[in-house]
1. If you stretched the chain out fully between A318 and W54, how much longer would it get, using 0.36 nm times the residue separation minus the C-alpha to C-alpha distance?
2. Counting other beta carbons within 10 Å of each Cβ, put S155, S198, S283 in order, fewest first.
3. In terms of modelled amide H atoms, which long-range or inter-chain residues lie less than 5 Å from the amide H of R145?
4. Rank these for me by crowding, H227, H266, going from fewest to most other beta carbons within 10 Å.
5. To test your reading of the geometry: what angle, between 0 and 90 degrees and rounded to tens, separates the Cα axis of helix 260-272 from the longest principal axis of the chain?
6. Between L186 and residues 5 or more places away or on another chain, which pairs have amide H atoms under 5 Å apart, with H built 1.01 Å from N, and which residues are they?
7. Whole-Hz Karplus ³J(HN,Hα) for region 213-227, in order, using 6.51 cos²θ - 1.76 cosθ + 1.60 and θ = phi - 60°, x for Gly and Pro?
8. For all pairs of alpha-carbon atoms in the chain, what percent lies in each bin of width 20 Å, listed from the first bin to the last filled one?
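No lab work stands behind these numbers, since they all come straight from the coordinates. Remember, it's a predicted structure, so these values are computed and weren't measured experimentally. Positions of Cβ are backbone-derived with ideal geometry, glycine not excepted, and every protein chain shown enters the neighbour counts.
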Amino acid sequence: MRRRRAWLTGSILLIALGASLLISLMMGAVPLPFSELWAAMWSGGEETTRVILWELRLPRVLLAIVVGGALGCVGCAFQGLLRNPLADPYIVGVSSGAAVGAAAGALLGWHQRGYGWAISLLAFLSGLLTLALALALSRQNGQLRIPNFLLVGVSLSASLWGVITLLLVRAGEDLSRVIYWLLGGLLNADWQRLEWASIPALLGCLILFWQARALNLYTAGEETAAHLGVPLERLKWRVLAGGAFATAATVAVAGIIGFVGWITPHLLRRLVGGDHRALMPLSALGGALLLLWADNLARTLTRPVELPVGVITALVGAPLFVWVLRRESGASG
């Protein structure tokens, strides 16, 4: 029954994502009727329409799908590894590390020098460096202790946000640019950023898919998983490394977009169960769909002013988070 439900849910999400992609290409400051959109797709129509489609909307829509899909997949894997349905991709401190790198690049004036790509690269590398530091500090007797890792991650995040605040004070005229990035957004989406994000995000998610069966066994408890032949330490390292690799890529190009990586796997787990072989790809589809529509709202809701997409996801996610907490506390009581 659950397998049938998973197939049905996946089919619905896939159809909805395809339809949403088409609708998203038609939406914007300059609405594109389907006939003009279709002509522009096949090198016809007006030059202005082709520029809007190929240089502005299509890379942005595809980047929203990549970022949302990666966050949904990573959130699902982290919830399984940490055995916490409220975990999200940013729980390990990667986002804080990437934010320090981005703020530092802005403070150095790289945008004015045409080195915007270097800021994304620095954010990506600093995010991975934060993970490496957290992993090194969490090892005890040659083993990675998940509770220690979470405590170290929270401590590092708090310290790094202090560094970010200091950098923001020194940011000067780049302050608004850095704050927009911290709130999350796809305003600067282009084909180059799409390429930067897609390759590491895909590699990270493939590593997580590879661990799906082991994660199913791990959620029953470490002792049970060990008896069934799961290499616990390798599983932890692979999931954390793959998840951080994908998360750092998304943060580097789109900033910090909250709740997407928590909402979709949490709700889908209730619907289709906890089999990560089905739940992870479904979470990727759900995350892509959610972020795509959040971005549609961000660029049309207060037109001509565009909202950071992180504002939209927070407005949706925060009330849902409180509702889930109250429902679960009521059920346990």
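1. So the extension gain works out to 91.6 nm.
2. S155, S198, S283
3. Sorted by chain and number, the residues that satisfy this are Q140.
4. In increasing order of surrounding Cβ atoms, one gets H227, H266.
5. Compared with the principal axis, the helix lies near 60 degrees.
6. V309
7. 5, 5, 5, 4, 6, 5, 5, 7, x, 5, 5, 4, 5, 5, 5
8. Computed distribution, short to long bins: 31, 57, 12, 0.
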